[in-house]
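The values are calculated or read from the model by the stated rules, or taken from the named source; none is laboratory data. Predicted model, so just to flag it, every value in this text is computed and none were measured. A quick note on method: Cβ atoms are made from the backbone with ideal geometry, for glycine too, and the neighbour counts reach across all protein chains shown.
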Amino acid sequence: MSAQQNDNDALERERAGPAADPPENETASDEARWRREDDIARGLRMVAHSLFDPLWSQKKLVMFSFGSWEYRRRRAYWWLAKRMGLTFAETDINTFDTQQCRMVLRLVEELEEKQP
């Protein structure tokens, strides 16, 4: 399965919203529910990286288009930290939960809309 397909699958799961709870006569184990939520978060983290990283690594935005690779990366993550109300140390997409990933997606979308 391609990376693009993984991104598309994660976006489809995101659009569909959280999975419905099982009917009253059935129960899902806590572990199964945790795994389902973790799978959604993992997919969203992949999508967040696939949309956020090109902003600075491929110089898609003027604000992240100058300086060394490390400088552009740090500048982008400082921007993200400020917008999310986090410290720089807390701003690691690989540790974000679903809500934080959704915020990254929204912020990237807003930033791209503002660019000429």
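What the table below lists for this structure:
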| read-out | value |
| --- | --- |
| Residue list for region 71-88, filter: of a type in the set (Ser, Thr, Tyr) and within 19 Å of Gln99 (Cβ to Cβ) | Tyr77, Thr87 |
| Test: residue in region 89-111 that is over 25 Å from Asp39 (Cα atoms), assigned to a helix (DSSP H, G or I), touching a residue at least 40 places away in the same chain (Cβ under 8 Å) and in contact with a helix residue (DSSP H, G or I) (Cβ under 8 Å, 6 or more places away or on another chain) | yes |
| Among (1) surrounded by fewer than 14 Cβ atoms within 10 Å (Cβ to Cβ); (2) assigned to a helix (DSSP H, G or I) - the single one Gly67 does not satisfy | (2) |
| Some residue of region 76-87 being over 10 Å from the mean Cα position of the chain (by Cα), under 30 Å from Arg36 (Cα atoms), surrounded by 14 or more Cβ atoms within 10 Å (Cβ to Cβ) and charged (D, E, K, R) | yes |
| Test set (1) out of contact with any helix residue (DSSP H, G or I) (no Cβ under 6 Å at 6 or more places or on another chain); (2) hydrophobic (A, V, I, L, M, F, W, C); (3) at pLDDT below 90; (4) surrounded by 15 or more Cβ atoms within 10 Å (Cβ to Cβ) - Trp56 fails condition number | (1) |
| Failed item in (1) modelled with pLDDT under 90; (2) under 14 Å from the mean Cα position of the chain (by Cα), with Gln115 passing the rest | (2) |
| Residue check for Glu24: modelled with pLDDT under 60, out of contact with any Phe, Trp or Tyr (no Cβ under 9 Å at 6 or more places or on another chain), more than 26 Å from Ala89 (Cβ to Cβ) and not in a helix (DSSP H, G or I) | yes |
| Number of positions in region 41-70 that are closer than 22 Å to Arg102 by Cβ, out of contact with any Lys or Arg (no Cβ under 8 Å at 6 or more places or on another chain) and not aliphatic (A, V, I, L, M) | 7 |
| Asp38 among the charged types (D, E, K, R) and at pLDDT 60 or above | yes |
